[in-house]
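A.B. asks: Here it is, the structure, as structure tokens.
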Amino acid sequence: DPRFRSWYVAAASGPKDVVIVIDVSGSMGINGRMGIAKLAAKKVLDTFTEADYVGCVSFAATASTALGRTKLLRATPANIASLKAWVDTLIPTTTTNFVAAFNEAKGLITNSIGDGGATSACTRAILFMSDGDPNSWDDSNYATLRSDTASNSIKVFTYALGSGANPTILKRIACQNNGGFWQVGDGGDLGDAMSDYFKFLAPMQAPCQVRWTSYVGIST
């Protein structure tokens, strides 16, 4: 599937800064949702090239960044392998704190801006997956998120995972932050849904240079 090939996504979406946010609240242990989320996150990680910068965040009652990072990592093969190994360690725990999750995700991007080596200086996006309602979320949180993403041109793509997920909040978050929303039922293909984010980025690209991408094929 070319949507999960780095050469395809690189050409379609250009250089980008992306943070993948993964819900690890207790309900993610139901119906194999944690396994589906891990698989989807790793499939998306495989789409990045060394022109991209990436980070991961997990959240339940609190949020934490992958590998203890405070800035984005360049998407080298070694860094992608480390992030995928981190994803494999995630386990469902407690409650669902959207505020903490978005604060960590925005922090990774804002800390990288102006660093001189931790940003693509191009498109910025947050890919946010969750299967439940947040513990606390109101209009002030929408406004704060919208203000922060607008100031740094961050697009937010959200994914409601599982039959019990309430799409209302996640859909509004995506719509207010220039992204897209997908609802994926239990047993659905979350990776397939997450691969669509670059379709939103493709129309905005203005190709300006040729890039050569090395990648490993399944039989080569």
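The values are calculated or read from the model by the stated rules, or taken from the named source; none is laboratory data. Quick caveat, the model's predicted, so the values are computed rather than measured. Cβ sites come from the backbone with ideal geometry, for glycine too, and all protein chains shown count toward neighbours. Ligands, DNA and RNA are stripped out before the accessible areas are found, and what is left, the full protein with its side chains, is counted by its heavy atoms. Shrake-Rupley method; radii C 1.70, N 1.55, O 1.52, S 1.80 Å.
A.B. asks: What number of residues within region 171-199 are farther than 25 Å from Asp52 by Cα and either outside any helix (DSSP H, G or I) or touching a Lys or Arg at 6+ places or on another chain (Cβ under 8 Å) (or both)?
C.D. replies: Residues that pass the stated criteria total 6.
A.B. asks: Picking from Trp137, Trp212, which residue would you name as being outside any strand (DSSP E or B), surrounded by 15 or more Cβ atoms within 10 Å (Cβ to Cβ) and among the aromatic types (Phe, Trp, Tyr)?
C.D. replies: Sole residue among the options that is outside any strand (DSSP E or B), surrounded by 15 or more Cβ atoms within 10 Å (Cβ to Cβ) and among the aromatic types (Phe, Trp, Tyr): Trp137.
A.B. asks: Of the residues that sit in region 62-77 and are open to solvent by 20 Å² or more (accessible area, probe 1.4 Å), touching a residue at least 40 places away in the same chain (Cβ under 8 Å) and outside any strand (DSSP E or B), which one is farthest from Asn135 (Cα to Cα)?
C.D. replies: Lys71
A.B. asks: Would you point out the residue of region 25-53, among those that are touching a helix residue (DSSP H, G or I) at 6+ places or on another chain (Cβ under 7 Å) and not in a helix (DSSP H, G or I), that is most open to solvent (accessible area, probe 1.4 Å)?
C.D. replies: Taking the candidates together, the pick is Asp46.
A.B. asks: Scan (1) at negative phi; (2) modelled with pLDDT of 90 or more; (3) out of contact with any Phe, Trp or Tyr (no Cβ under 9 Å at 6 or more places or on another chain) for the single condition Arg172 breaks and write down its number.
C.D. replies: Going through the list (1) at negative phi; (2) modelled with pLDDT of 90 or more; (3) out of contact with any Phe, Trp or Tyr (no Cβ under 9 Å at 6 or more places or on another chain), Arg172 breaks only (3).
A.B. asks: Something else: Within region 155-204, which residues are within 22 Å of Gly14 (Cα to Cα) and out of contact with any Ser or Thr (no Cβ under 9 Å at 6 or more places or on another chain)?
C.D. replies: Residues satisfying the conditions are Phe157, Gly191, Asp192, Ala193, Met194, Asp196, Pro203.
A.B. asks: Right, next: List, please: which pairs have Cβ atoms under 8 Å, are six or more places apart or on different chains, and start with a residue in region 178-190 that is open to solvent by 30 Å² or more (accessible area, probe 1.4 Å) and end with one that is among the acidic types (Asp, Glu)?
C.D. replies: Pairs found: Trp182/Asp196.
A.B. asks: Something else: Could you pull out the residue among Ser151, Ser120, Ser112, Ser130 that is farther than 24 Å from Ser25 by Cα, buried (at least 24 other Cβ atoms within 10 Å of the Cβ) and either within 15 Å of the chain's Cα centre (by Cα) or of a type in the set (Ser, Thr, Tyr) (or both)?
C.D. replies: None of the others qualify; the one that does is Ser112.
A.B. asks: For Ile80, indicate whether it is part of a helix (DSSP H, G or I), open to solvent by less than 40 Å² (accessible area, probe 1.4 Å) and touching a strand residue (DSSP E or B) at 6+ places or on another chain (Cβ under 8 Å).
C.D. replies: yes
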